[in-house]
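Please treat every number below as a calculation from the coordinates, not as lab data. All of these numbers come straight from a predicted model, not from anything done at the bench. Don't worry about glycine lacking a Cβ; one is built from the backbone with ideal geometry, like all the others, and counts go over all protein chains shown.
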Number of protein chains: 2
Amino acid sequence: MKTRRTQPRELRRRQLIESTIDSIARRGLAETRMADVAAGAGMSVGIVNFHFDSKQTLLAETLGYLSDEYYDAWTRARENAPADPLAQVEALIGMHFEPRICNQRRVAAWSAFFGEAGTRPTYQALCQKFDDEYLAQLVDLFGELIGPGEHARRAAMLLLALWDGLWQNLLLNPGGFSAAESEAVCLEWLHGLPLAKSGR
Amino acid sequence: MKTRRTQPRELRRRQLIESTIDSIARRGLAETRMADVAAGAGMSVGIVNFHFDSKQTLLAETLGYLSDEYYDAWTRARENAPADPLAQVEALIGMHFEPRICNQRRVAAWSAFFGEAGTRPTYQALCQKFDDEYLAQLVDLFGELIGPGEHARRAAMLLLALWDGLWQNLLLNPGGFSAAESEAVCLEWLHGLPLAKSGR
DNA sequence: TCATCCACTGAATGATCGTTCAATCAAACA
DNA sequence: TGTTTGATTGAACGATCATTCAGTGGATGA
């Protein structure tokens, strides 16, 4: 059996990735050291290079981990909501501000990677991995809500940008608006849209 | 007279700051080297430490330079627009997507600093320097447009977040939505607001 | 023309950090 | 219990970079 080798390996990798997120949130991406990551996981300096090819690989896999986690949360939010398009969008808005996804550690890490993504093809690809799909899903939902066409496309674009901007704001102004207020901003916008006949 | 010393000094400092923005836009903040900045300005390696105390000082002053430039653009946009609140907001929206402010170099630099601002008090302070004022001005404008209170506050918050998010999107999806489309998204939102009696 | 003053140069320095690897340890199996 | 296998350690290494500073050059004023 390979339990001994493979199982601990995956466990360690996850621990190290979580420790990387911690370090990015506490010290920033630029100040994150291999030694910090190892110490954060309670291990010695050489461990990261044993489980990951290099620091770059570790960081890329950390971003991929966050990206997959976000994708899961998105998918599950839709699955657990009524099939009605308004309820679907409301569920997605709610998901963006629930503590499991929208917490200081996660948002700080996302923001740090975004800041470097403009000049790093690897990060850019990972950030965009599901973007087309998110956009397409929202365009469909808004098509049902306010009718298909350019308006639906713009509504989808607005909501995606709004999530990014509100997350950024939560991070930079910790004493400012709360997650609850940010969610209220999204919902107020949604409920102010000129719904087509068949809404709710 | 001190012309010889002080005048070239300020000129060099500005050249080095512009070269820093170039380097951040091309290589990223993490990959920006003192040697890159000097070479970009056509000078030798030691020059940056001659005009700035350290790399950290150079980067902080670069962010301050961007912040002041943005403040000027904001102020001038309002000055050059009719006093009417709707026209004022439209002018601010237009300013956010005109090439002088919304170009790849500037937006890439902003985004890079934002990514590090969460963990660097110096950057955070510079990013937030005028934030309270921007918010207050928008709350006033929306107070006139849709009536004062929580709704005006949320509209102001939404627009600020939207600008951030749309800029981020322009940077990460260069082949996606254009600046013109981003502006259209803002304007469409603005014109869909339930205006108070005295609008326009 | 000479002296002075600085902006500027770039080789040298030293600190920081990612990476390597020989040695150690511990779990699983015979 | 002894053996094997692979995870883990951490000291040492080497590369990269910010920073320094003794020296250069050229402009200014006498």
What number, rounded to the nearest 500 deg cm²/dmol, is the helix-based mean residue ellipticity at 222 nm of chain A, given -39500 (n - 2.57) per DSSP H run of at least four residues and division by all its residues? -24000 deg cm²/dmol
Whole-Å distance linking the alpha carbon centroid of the stretch A:102-141 with that of the stretch B:18-43 is 26
Taking the stretch B:56-111, which trypsin sites (Lys or Arg not before Pro) meet the DSSP loop condition and have no more than 11 other C-beta atoms within 10 Å? B:ARG100
Tell me which of A:LEU193, B:ALA60, A:ALA125 sits at the most positive position along the dipole axis of the protein assembly as shown, charges placed on C-beta atoms (Lys, Arg +1; Asp, Glu -1). B:ALA60
Residue-wise HN-Hα coupling along the stretch A:167-175, computed from phi with Karplus coefficients 6.51, -1.76, 1.60 (Hz; x: Gly, Pro): 4, 4, 5, 4, 6, 7, 10, x, x
Tell me the Kirkwood hydrodynamic radius of the stretch B:62-191 in angstroms, computed as one over the mean inverse distance between distinct C-alpha pairs. 15.3
Degrees between helix B:85-96 axis and first principal axis of chain B (Cα, 0 to 90, nearest 10): 30
Label model pair A:HIS191, A:GLU10: point-to-point distance (7 angstrom along the Cα→beta-carbon line) in nm is 4.4
If the only charges are +1 at each Lys and Arg Cβ and -1 at each Asp and Glu Cβ, what is the size of the charge dipole of the protein assembly as shown around the Cα centre, to the nearest 20 debye? 1620
Between 0 and 90°, nearest 10: helix A:179-191 axis offset from chain A longest Cα axis: 30
Cα→Cβ-extended label distance, 7 Å offset, between B:GLU98 and A:GLU150, nm: 2.3
Please tell me the relative contact order of the stretch A:63-191 in percent, rounded to the nearest whole number, where contacts are Cα pairs under 8 Å and at least six residues apart. 28
Dipole-positive endmost among A:TYR70, A:GLY147, A:LEU92 within chain A (Cβ charges, Cα centre): A:TYR70
Only residues of the stretch B:35-71 count here: report those whose backbone N is under 19 Å from the spot 7 Å along Cα→Cβ of A:LYS55, or say none. B:35-36, B:55-56
Where the eigenvalues come from the Cα gyration tensor of the stretch A:28-88, what are the semi-axes √(5λ) of the equivalent ellipsoid, largest first, in whole Å? 36, 10, 10
Report, ordered by chain and residue number, the aspartates and glutamates lying within cross-link reach of B:LYS129, taken as a straight Cα distance under 18 Å and ignoring same-chain residues fewer than 8 apart. B:GLU61, B:ASP68, B:GLU69, B:ASP72, B:GLU116, B:ASP164
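Using a/c under 1.5 as the rounded threshold, could you call the stretch A:1-52 rounded, prolate or oblate? The axes a ≥ b ≥ c are square roots of the C-alpha gyration tensor eigenvalues, and prolate needs a/b larger than b/c, oblate otherwise.
Details: a/c = 3.05, a/b = 2.25, b/c = 1.35.
Prolate.
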Would you please state which residues of the stretch B:141-155 a label at B:ALA83 would reach in this model, taking the label point 7 Å out along Cα→Cβ and a backbone N cut-off of under 20 Å? B:141-148
Rounded to the nearest 10, the angle in degrees between the Cα long axis of helix B:3-27 and the longest principal axis of the Cα atoms of chain B comes to 70
